[in-house]
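**Q** Dumping the structure here so I can ask a few things about it.
The values are calculated or read from the model by the stated rules, or taken from the named source; none is laboratory data. As the structure is a computational prediction, the values presented were derived from the model and not from experiment. A quick note on method: Cβ atoms are made from the backbone with ideal geometry, for glycine too, and the neighbour counts reach across all protein chains shown. Areas reflect the complete protein model, heavy atoms only, side chains present, ligands, DNA and RNA absent. Shrake-Rupley method; radii C 1.70, N 1.55, O 1.52, S 1.80 Å.
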Amino acid sequence: MVQVNTKMQTLPPYLFARIEQKIAEARAQGIDLISLGIGDPDLPTPPHIVDAMTASLRNPANHQYPSSVGLLSFRQAVADFYQRRFGVALDPKTEVVTLIGSKEGIAHIPFCYLDPGDVSLVPDPGYPVYGIGTMLAGGTAYYMPLTAENGFKPVLADIPTAVAKKAKLMFLNYPNNPTGAVADLAFFNEVVAFAREFDILVCHDAAYSEIAYDDYRPPSFLMAPGAKEVGIEFHSLSKTYNMTGWRLGWACGNREAVEVLGRFKSNVDSGVFQAIQEAGIAALRGDQTCVEQMRRIYQERRDLVIAGLEAMGWRPVAPKAGIYIWVPTPKGFTAEEFAELVLEKAQVIITPGRGYGERGEGFFRISLTTPTDRLRTALERMQSALGRVEI
Ligand SMILES: *Cc1c(COP(=O)(O)O)cnc(C)c1O
């Protein structure tokens with residue numbers, strides 16, 4: 001059989017795929033596992049969005065190839081959302097490109113900017129696609145450590161000048177997966193200055209901007225003065241409207257970057273099924289009560305997990321946003337060992353932090369995307385299996 005190329009050989013086993021396989025194996029044996037591992041909303045897409053899709057399906061105009069950069073009406077809905085939510089003005093024609101889920105654009109942007117030897121600055125721990133997209137495009141990832149002491153934000157001054165000079169892209173993600181950290185405008189201002197100094201395109205992933213608790217509302221990177229000159233923001237319908245299966249997202253901001261991503265897409269895919277984009281318009285323009293309800297559900301779950309962890313001896317920080325709790329592993333365990341212990345003793349799946357990068361070692365991630373009663377059962381199981389842990 002023909003050998004796959006070196007890039008495919010270096011590809012790590014996809015984190016979520018491996019966990020899904022373990023779930024499948026245990027379920028095949030009839031074991032009642034509760035997975036707190038996967039960041040995929042359990043709640044259904046709100047009915048008014050499903051209805052919009054159903055109606056759009058019947059329109060033959062939607063059965064043909066879509067435009068590779070997306071319907072102008074969808075991009076206009078995105079621009080209006082940015083104006084309403086963040087006070088950011090976007091030209092829908094030139095500053096927004098529709099994506100087949102934000103992951104598609106995140107994986108493809110390195111192909112537009114990196115030549116061999118060029119560097120992407122990538123957060124560690126982080127969403128694996130930033131580093132993998134960089135590698136597949138032939139670039140090199142320089143991992144910026146995110147540590148608890150620094151609020152899980154990279155210290156830009158720690159990036160060696162020689163590295164910064166070779167860097168063409170910087171990936172950031174706030175509210176953050178997997179750490180639950182948030183960033184304020186002061187940090188984004190620093191990023192803009194750094195990107196200007198070293199001529200770097202900032203790729204900010206804001207997939208979780210609408211999932212925030214108490215009275216906190218996360219800012220967009222594009223709110224920082226000058227951000228549009230140096231960066232783009234990736235966003236998605238996936239988490240805000242429980243639409244992970246639909247594959248609909250966008251990139252917006254810097255005009256040249258939006259144009260080049262659209263040009264790349266016109267050569268490798270033909271865009272998003274228009275009926276899905278019309279459902280996306282219904283989501284962005286429709287009643288936002290569904291988002292408020294979802295926030296309340298996640299907040300209840302967040303509080304449940306925090307209380308459960310406290311009862312076991314942890315001192316966890318309740319995240320202000322996002323759907324993840326990032327927890328240090330007990331003394332004497334690697335994250336993987338601890339995840340295995342929890343799987344065996346409690347039949348609960350947690351994600352070892354190592355899956356998000358070297359600096360994820362020593363942590364595990366709990367996702368809030370499990371029905372509340374199952375989440376409660378999972379915590380009870382963990383508590384009776386583990387008792388009190390030593391941190
Ligand atoms: C879930 C998630 C996304 C969304 O991906 P889509 O392709 O839009 O479904 C993007 N970034 C991060 C960090 C995520 O966790």
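**Q** Remind me, what semi-axes does segment 47-186 give for its equivalent ellipsoid, largest first in whole Å, using sqrt of 5 times each Cα gyration tensor eigenvalue?
**A** On the way: eigenvalues 226, 75, 42 Å².
Equivalent-ellipsoid dimensions as semi-axes: 34, 19, 14 Å.
**Q** Through the Karplus equation 6.51 cos²θ - 1.76 cosθ + 1.60, θ set to phi - 60°, convert the phi angles of segment 374-391 into ³J(HN,Hα) values in whole Hz; use x for Gly and Pro.
**A** After applying 6.51 cos²θ - 1.76 cosθ + 1.60, I find 5, 5, 4, 4, 4, 5, 4, 4, 4, 5, 6, 7, 9, x, 9, 9, 9, 8 Hz.
**Q** If ligands, DNA and RNA are left out, what is the accessible area of residue 295 with a 1.4 Å probe, given in Å² to the nearest 10?
**A** For residue 295, solvent-accessible area is about 30 Å².
**Q** Through the Karplus equation 6.51 cos²θ - 1.76 cosθ + 1.60, θ set to phi - 60°, convert the phi angles of segment 183-199 into ³J(HN,Hα) values in whole Hz; use x for Gly and Pro.
**A** 10, 9, 5, 4, 5, 4, 4, 4, 5, 4, 5, 4, 5, 5, 4, 9, 6
**Q** Let me ask something else about it. By the scheme Lys and Arg +1, Asp and Glu -1, what is the net charge of all other residues having a beta-carbon under 15 Å from that of residue 325? Display every interim value, and only then the final one.
**A** Details: positive: 301, 302, 315, 320, 365, 376; negative: 300, 303, 310.
Local net charge: +3.
**Q** Over the chain, with a Gaussian network built from C-alpha contacts below 10 Å, which listed residue (191, 96, 163) shows the highest mean-square fluctuation?
**A** Highest fluctuation of the listed residues: 163.
**Q** Do the sum for the chain: with -39,500 (n - 2.57) for every DSSP H run of n ≥ 4, divided by all residues, what is the mean residue ellipticity at 222 nm, to the nearest 500 deg cm²/dmol? Walk me through the intermediate numbers first.
**A** Working: 14 runs with 165 residues, N = 391.
That calculation yields -13000 deg cm²/dmol at 222 nm.
**Q** If you don't mind, there's one more thing I want to ask. State the dimensionless ratio Rg/Rh of the chain (Rg: radius of gyration of Cα atoms; Rh: Kirkwood radius). Please report the intermediate quantities before stating the final value.
**A** Working: Rg = 20.9 Å, Rh = 21.7 Å.
Rg/Rh: 0.96.
**Q** Once the other residues with Cβ under 14 Å from the Cβ of residue 172 are scored (Lys, Arg +1; Asp, Glu -1), what is the net sum? Each step should come with its number before you reach the end.
**A** Values: positive: 153; negative: 124, 184, 190, 205, 233.
After counting each charged neighbour, the total is -4.
**Q** Let me ask something else about it. List the lysines whose Cα sits under 28 Å from the Cα of residue 93, skipping any in the same chain fewer than 8 residues away.
**A** Excluding near neighbours in sequence, the set is 103, 168, 228, 239, 265.
**Q** Kirkwood hydrodynamic radius for segment 321-391: how many Å is it when counted over pairs of different Cα atoms?
**A** One decimal place: 12.4 Å for the Kirkwood radius.
**Q** How many percent of DSSP beta bridges within the chain run antiparallel, rounded to 5? The partial results should precede the final answer.
**A** On the way: 17 of 37 bridges.
Just about 45 percent of them are antiparallel.
**Q** So, with +1 on the Cβ of K and R and -1 on the Cβ of D and E, and no other charges, what is the size of the charge dipole of the chain about its Cα centre, to the nearest 20 debye? Please list the in-between numbers first.
**A** Working: 38 positive and 43 negative charges, 61 e Å.
Once rounded to the nearest 20, the dipole reads 300 debye.
**Q** In nm², what is the average projected area of the convex hull enclosing the Cα atoms of segment 100-175?
**A** Working: hull surface 20.0 nm².
Result: a mean projected hull area of 5.0 nm².
**Q** Would you mind checking the radius of gyration and Dmax of segment 11-129 based on alpha-carbon positions, in Å?
**A** According to the Cα coordinates of segment 11-129, Rg and Dmax are 19.7, 54 Å.
**Q** Here is a further query. With Kirkwood's inverse mean 1/r over C-alpha pairs for Rh, give me the Rg to Rh ratio of segment 60-285, two decimals please. Spell out each step's value before the answer.
**A** Numbers: Rg = 16.6 Å, Rh = 17.5 Å.
Ratio value, two decimals: 0.95.
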